[in-house]
Every structure is written in C-alpha cells, then in structure tokens.
Amino acid sequence: MREFWQRFSRNRGALAGLVVLAAIAFAALAASWLFPGDPWQMKAKPMLAPDASFPMGTDMLGRDVAAGVFHGARVTLTIGLASTIWATVIGVLLGAVSGYAGGRVDEAIMRFTEFVQTIPSFILAILLVAILQPGISSTILAIAVVTWPPVARLARSEFLALRQREFVAAALTIGLPAWRVILIEILPNAASSIIVMASLMVATAILTESALSFLGLGDPNLISWGYMIGAARAVIRQAWWLSVFPGAAIFLTVLAINLVGEGLNDALNPHLRRQGRPR
C-alpha cells in the first residue's frame, strides 16, 4: 500500500483530483446537516442573485440553489457509483467467461457485445428509462446496461493473455476447478486494468445521468445536477447562476475523477511502475 501511494502521489494532478473528490463526497454526506429540510422547499423570493444569505442564489420557485447542489451531489454520486459497480460486475463476468473458455463461447459473447455496442448508448439509455419509468433504479440499470461492453472486452483481453501463463497451468495441473482458477488466480492479476477503467467509467455514468435528468428522465422525487440545469435552461439569460453552479459541480467532479483515474493508471500500470518515472 505504501508503494502504491508513493507512485500515486507523484502525479500532482491525481492528488488535486483526489482532494476535489473528497470535498464533493463531503458535500454529499453533509448535505442534510448543512442544508436541513427538503431541498424542494421554497426559501425566499424567486430568482434572487447570489448574496450572503444565499451564496448560490434561488431558483424560479424560490428554492435555495446551494441546497440543491449539495443534495444533488448525493444523488449524482450514488447513481454514478452504483451503475459503474453493476456495469463492472456484468462486464467482468462476461469477459472472464469469454476469455477463459474461448471457442464458440467466446465467439457468442463477443458477437453479443459488439451488437450492444452498435446501438447508440445514450439512445438505448433513454429507451430503457422510458420503458422502465423514470426513477433512480431504472437510471442505474440503464447506465449499467449501456456501459458494460468496454469492461467485457478489456476483461476478455486480460484473461486471454493470462490463461497462458505458467501459474494458471500449475493451478489446473493440481486439479483446481475452473471457477477457482478464474476468481483466485487470474482475476487478481487482471484487477489493476479493470480498476482503472471502472474509475473512469464513473465519470461517464455521471455525465449520462446528468443528460437523462436534463431531459426530464431522472427520478422526479430526487433533485440532481442535471435536473437543475434542465429546469433552468429557459431562464439562463436572466439567471445565469441557476445553470452555472450545478454545471460547475458536474465539470469539477468529472475532471477530478479523470485525474484520479490517470493517477491510478500510473500507480497500477506495471510498465510505468518499472520505469519509475516521476510525474
């Protein structure tokens, strides 16, 4: 762990991204304490510009924009993390079976993966949410369904390379079942690449969730950054702050996640590790 942190900390951008992510996570966790009550509740006159009482102003119905941004962080991060976890599980499962089994199984899974990738991911996500009815569960499911193929292809390539290694042959020689070889011998050695891709997928999931909420396909009972921007687009010239603050939150979160993902790649990539190049 110490060596990992030393390699990660050489990347100053990754450290900055980690600090920003920590601040955003704190905002999400402390939203109910900093802004108690319902973020949908009217607090003052509509369309108040940012001032000392309302640092981010109020929206068209007099709701506190800052409360919406902080409470929205919880919704957006939850959907981003949950959908990425499900997409990673699906992708790793299919990729592992494809790469380890080979033959017709590999061919069938890869053709199915390619078929899913031929469908525009955002259009498919809209279709799934519309069919399942807008909500946090349907949003998580839709994002997971459209984002698993790259994970499956990466896991397949890793398993194809690793199944030829000596330690896998030794495990098979002593009679270990296939599922133990996959989970105990191969998967830990492929985990670094999968972790890096999963970290970057969180940013994609957040952007997709924001776009769905912008179109009115998010959970109608939960406030999110995408919903706030979508609701404010009609008055962007009269009240710039309604779009700027949630938009800045999305921008900083996605940027921070990408910076952290780059740092993870530097720390976990064995080629960079051997070179030991500073960042």
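Each residue in region 52-89 was checked for being under 30 Å from S121 (Cα atoms), surrounded by fewer than 22 Cβ atoms within 10 Å (Cβ to Cβ) and small (G, A, S), and 1 of them qualify.
Considering only region 139-153, I want to know if a residue exists there that is within 25 Å of G99 (Cβ to Cβ), in a helix (DSSP H, G or I), more than 21 Å from the chain's Cα centre (by Cα) and at pLDDT 85 or above. Scanning region 139-153 turns up no residue that is within 25 Å of G99 (Cβ to Cβ), in a helix (DSSP H, G or I), more than 21 Å from the chain's Cα centre (by Cα) and at pLDDT 85 or above.
The single residue among A14, A49, A25 that is touching a Phe, Trp or Tyr at 6+ places or on another chain (Cβ under 8 Å), surrounded by 13 or more Cβ atoms within 10 Å (Cβ to Cβ) and either modelled with pLDDT of 90 or more or not polar (S, T, N, Q) (or both) turns out to be A14. Could you tell me whether G135 is surrounded by fewer than 19 Cβ atoms within 10 Å (Cβ to Cβ), modelled with pLDDT under 85 and more than 23 Å from V260 (Cβ to Cβ)? No. Selection of first residues in region 131-145 that are in contact (Cβ under 8 Å) with a residue 60 or more places away in the chain and of second residues that are among the charged types (D, E, K, R) and not in a helix (DSSP H, G or I), restricted to Cβ pairs under 7 Å at least 6 apart or on distinct chains, gives the following pairs, ordered by first then second residue: P134/D219; G135/D219; I136/D219; T139/D219. Residues of region 154-180 that are surrounded by 14 or more Cβ atoms within 10 Å (Cβ to Cβ), at pLDDT 85 or above and not basic (K, R): L154, A155, S157, E158, F159, L160, L162. For region 41-89, residues that are out of contact with any helix residue (DSSP H, G or I) (no Cβ under 6 Å at 6 or more places or on another chain) and part of a loop (DSSP other than H, G, I, E, B) total 15. Once region 212-269 is narrowed to residues that are hydroxyl-bearing (S, T, Y) and under 19 Å from the mean Cα position of the chain (by Cα), the residue that is nearest to A130 (Cα to Cα) is S213.
The values are calculated or read from the model by the stated rules, or taken from the named source; none is laboratory data. Everything quoted here is computed from the prediction, not taken from an experiment. No Cβ is skipped: glycine too gets one built from the backbone with ideal geometry, and neighbour counts run over all protein chains shown.
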